[in-house]
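Notes for the one structure printed next.
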Amino acid sequence: MGQQYETVIGLEIHVELKTTTKIFCSCPTAFGAESNTHVCPVCLGLPGVLPVFNEKVLEFAVKAGLALNCEIAPFSKFDRKNYYYPDLPKNYQISQYDLPICRNGFLEINTGSGPKRIGITRIHMEEDAGKLLHGSSSIVNSGYSLVDLNRTGVPLIEIVSEPDLRSAEEARAYMEKLRSILEYLDVSDVKMEQGSLRCDANVSLRPLGARGLGTKTEIKNMNSFRSLQRAVEYEAKRQREILEEGGRVVQETRSWDEERGVTVSLRSKEEAHDYRYFPDPDLVPIVIDPGWVAKLKASLPELPDARKERLVAEMGLPEYDASIITGSKGLADYFDAVTAEFNEPKTVSNWIMGELLRLLNASGVEMRENKIKPADFAALLKLQADGAISGKMAKSVFEEMFATGKSPHTIIKEQGLAQISDEGALAAIVEKVIAGNPGPAEDYRRGKEKALGFLVGQVMKETKGQANPGLVNKLLKERL
Amino acid sequence: MSLTNLTAHELGDLLNRREISSVELTEAYLRRIEEVDGQVRAFLTVTADLALKQAAEADGKRARGEKLPPLAGIPMAMKDNMCTRGIKTTCASRILHNFIPPYDATVTERLLEAGAVLLGKCNMDEFAMGSSTENSGYFATRNPHDLRAVPGGSSGGSAAAVAAGEAVFALGSDTGGSIRLPAAFCGVIGLKPTYGRVSRYGLVAYASSLDQIGPLARDMRDCALVMNVIAGHDRRDSTSAPLEVPDYTKFLVDDVRGLKVGLPREYLGDGLDEEVRGWVKRAAETLEKLGAVCEEVSLPHTRYALPAYYIIAPAEASSNLARYDGVQYGLRVEADDIVSMYSKTRSQGFGEEVKRRIMLGTYALSSGYYDAYYLKAMKVRTLVKRDFDLAFEKCDCLLTPTSPTPAFDTGEKTADPLTMYLSDVCTIPVNLAGIPALSIPFGTVRGRPVGVQLIGKAFDEGTIIRAGYALEQGTDLTRPRPALERTVEEWASSTKP
């Protein structure tokens, strides 16, 4: 057995804040507008313009910092990060360098071996860049590139973790937890696919038990939780193979290629930018009033961990259910709304985790686009509990509700699905089935329990599945 | 009487008494530009049609009996680094040869709102980097007092226009002396306000922590009137001060009794032209005669100001000028790939001095050099500021030369940037400290005007306006007009290079 290695991961996560307007001008931040329509001289970086800081950004950043247990800097400032790229109209990005707004926080994740605290080094505020559309696959081999500056100046926070993560699973768990917290805070749309949540990973290996850090690579271009996990897994394996062959890992920036499932070199350390940071003379330092921070802290919404504990303690949900339900604020709010009308938390959580999440995943629909109203959800569960419909029927009605947004009563009526629980009506059918199937009836009488199932099935067939199965069982047994 | 050498308030009186119309006045200035600007070359763009339209509007309002503000209908000029909507704004750079801003600078808005008539945009050292207006990407401006001499810089076009009777007043910008030096060289008044007094929104940045817009004018009253229009808080400039602005004409009182004037010994030492020294002494004596008390003071870190400036200003410039890359506006030199496009565009678009400062600044901010250069320069800046703070514990204002010498000849200092930089040795510390200062003409040396500098406490422009006004009222030295009063032909032939 050769040398054992430990994977060391730190994440840098960029979060677009959902303020109404941009960080240094009053252009809207809304996603999806026609190219270059959400722009003004300031975010276009025209000669002579000056940035004016949107204080809502500060509020959102401080909220995130407080939720992530950070110290809030009493004195903070903006710096210029200088580099040339056509999506950056000033050829510098206004960011924060040595005095970020938040420092020294942490976030707790669940791992196979219990909860683990992941350090947060810092959170800083900055402006987003624009987007390039290349004539070909990249700026290098394109005859032309188009520039869309709508995103330029959308506020970002960058959340930098300590190198405390030890596996791709942990990295994913951290990212998911962070997304959940930001969603609860309502400071970001946190959509990876739209780029409002973006992640770079620093990955290195070291001999198990060693204290220092190995040479790291920085992985970019991971656009989903799954690609984060896959990319980190791949990169750790790639580095392990290099080390096992006696080679050396090169410090560089690498890009995740989703299709090929590999990371590829983007630029080496020698090619790395010298950003020539210096304080932005166009902006004044940020001086924080501790009273304001205390007020923000007091006004923070309930966060996922607290909510999870509440679901366990007050609703009696198992830990597992509670953590899934509270993993997304939308889901947790939905759960609360359904249980408010149908107070059987475990049944509701079973349905949410089993049916609702399955349908959401399969259809790619977002929770917020879910058409089933909580009251309808509760009504369906009630119908099932009262025996008005069978469990099987309930599931099929639920699928119809998910697809159409109609109420369960409407669907049952439209499709004639109401369960037959009328003893008189069923008794006649039961007798007809017994008469028509003398063989199986005789088998059952001789003690062959299985035959009863066949007879139940025949009754269901006769009633197009609408018979109350419990009642059918009872009637058959009575008559056999 | 010639309309082209009267002040704004004198012309305002004529307009109010309906002795002239703004259109007549504007036509007189446009004619003057036509006559002399071939020699002076103060303007990059003349906006004749717009000016006449604005003048007609002012006349219309006056005819309807509207009460108009003091600068209404007065023809003026702006340095070409202040944005004017729909009017080319080039910073005298090839890289912005075709740039037409879609918005107005705050100062533009305020002047137009006050009814002032824009004659055009003035030449300057490219991106305000220079002391002679020889660094323009288009042509050099000449000194109306002596065509062999430079007008000073970087607001040389603005100062020359006012001196040559081509504009009643003008706006300049001052990062290290760029209003005061040309004011001194051209024999006009130039005021650099306190940093934060006048909005920088729409001023194309050279060094953001030092840049400030101010007036170039023919007398102290005009200077105060322009300040009344342009000063004040602007939400669009985070560094503009949210302070009340006084009526600056209230400081035009001919009384400096008890005013404590400091004479910093570091400004009167080696390298100072003897005749200039004589004029500074005479200005001090004049103030004393009027009741002020002059005493020597020391600003010990003065000698470090110039080197600190040449770290800080280029550092900021290297970042401010990064946006001129050929992507969105301005010059683009096509090339095979983006990096070559950047490099060709910037190589062809920028002049030598701009490139020099971009390189200086890029170096000073580079990884590993930041602490030794930029950080150290910022510490020096703090010390320079503290020198002034200490001096102002004893004095109300300071009196110094504006420049160690009068205007030098065209071409005299272009070969050696360092000697050129020394022209600003008396003005740069003021920018580092962010305090206000004005240059007022006081005598001539070999036919070339001399300026003395009055330096005030932060946001106390009032005191230096009062002291300047006293000098103006107490002597006949503050309006050197001979060059303007000769006929153009005589004047041109007597000073032909």
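Every read-out reported here was derived from the displayed coordinates using simple, explicitly stated rules and does not represent laboratory data. This structure is a prediction, so every number in the text was calculated from the model and none was measured. Every residue, glycine as well, gets a Cβ built from its backbone with ideal geometry; the counts of neighbours run over all protein chains shown.
Tell me, how many Å apart are the Cα centres for the range B:162-229 and for the range B:1-37?
21
Give me the percent of DSSP beta bridges within the protein assembly as shown that run antiparallel, rounded to the nearest 5.
Restricted to the protein assembly as shown, the bridges split so that about 80 percent are antiparallel.
Can you run the Rg to Rh ratio on chain B? Use alpha carbon positions and the Kirkwood inverse-distance Rh.
0.95
If you bin every alpha carbon distance in the protein assembly as shown into 20 Å steps from zero, what whole percent lands in each bin?
Calculated P(r), rounded to whole percents: 12, 34, 25, 17, 8, 4, 1.
Tally Lys and Arg at +1 and Asp and Glu at -1 over the other residues with C-beta under 13 Å from the C-beta of B:Y304: what net charge comes out?
+4
Using +1 on the beta carbon of Lys and Arg, -1 on that of Asp and Glu, and nothing else charged, what's the dipole of chain A about the Cα centre, debye to 20?
My answer is approximately 820 debye.
Quick one: B:M129, A:M393, fewest Cβ neighbours within 10 Å first, how do they rank?
Going from sparsest to densest Cβ surroundings: A:M393, B:M129.
So, in Å, what gap is there between the alpha-carbon centers of the range A:336-353 and the range A:247-310?
A separation of 37 Å, based on Cα centres.
Would you give the gap between the C-alpha center of the range A:44-65 and the C-alpha center of the range B:45-89, rounded to a whole Å?
35
Anything over 21 Å Cα to Cα? Flag those among A:K22/B:K88; A:K216/A:K237; A:K81/A:K191; A:K392/A:K413; A:K220/A:K269, in the order listed.
A:K22/B:K88; A:K81/A:K191
In what order do B:H9, B:H233 fall by count of nearby beta-carbon atoms within 10 Å, going from fewest to most?
So the residues, fewest neighbours to most, are B:H233, B:H9.
Return B:C186, B:C223, A:C27, A:C102 ranked ascending by Cβ neighbour count within 10 Å, so the fewest neighbours appear first.
A:C27, A:C102, B:C223, B:C186
Under the rule that an exposed site lies in a DSSP loop and has at most 14 other Cβ atoms within 10 Å, name the longest stretch of chain B with no GluC sites (Glu not before Pro) of that kind, not counting the sites themselves.
Here the longest run is B:67-243.
Taking only C-alpha pairs under 8 Å that are 6+ residues apart, what is the relative contact order of the range A:5-295 in percent?
About 25 percent, as a whole number.
Please go through the residue pairs A:K90/B:K53; B:K79/B:K413; A:K63/A:K308 and name each one whose alpha carbons sit more than 30 Å apart in this structure.
From A:K90/B:K53; B:K79/B:K413; A:K63/A:K308, over 30 Å: A:K90/B:K53.
Please report the relative contact order for the range A:355-480, taking Cα pairs under 8 Å with a sequence separation of at least 6, and give it as a percent rounded to a whole number.
Value for the range A:355-480: 23 percent.
Can you tell me which aspartates and glutamates have their Cα less than 19 Å from the Cα of A:K295? Leave out same-chain residues fewer than eight positions away.
A:E55, A:E59, A:E71, A:D186
From the Cα trace of the range A:5-295, what convex hull volume per residue do you get, rounded to a whole Å³?
Considering the Cα atoms of the range A:5-295, their hull volume per residue is 145 Å³.
Taking the range B:76-113, which trypsin sites (Lys or Arg not before Pro) meet the DSSP loop condition and have no more than 10 other C-beta atoms within 10 Å?
In loop regions of the range B:76-113 (DSSP not H, G, I, E or B), there are no sparsely surrounded trypsin sites (Lys or Arg not before Pro).
Give me the net charge for the shell around A:E449: Cβ to Cβ below 14 angstrom, other residues only, Lys and Arg +1, Asp and Glu -1.
Combined, the nearby Lys, Arg, Asp and Glu give +3.
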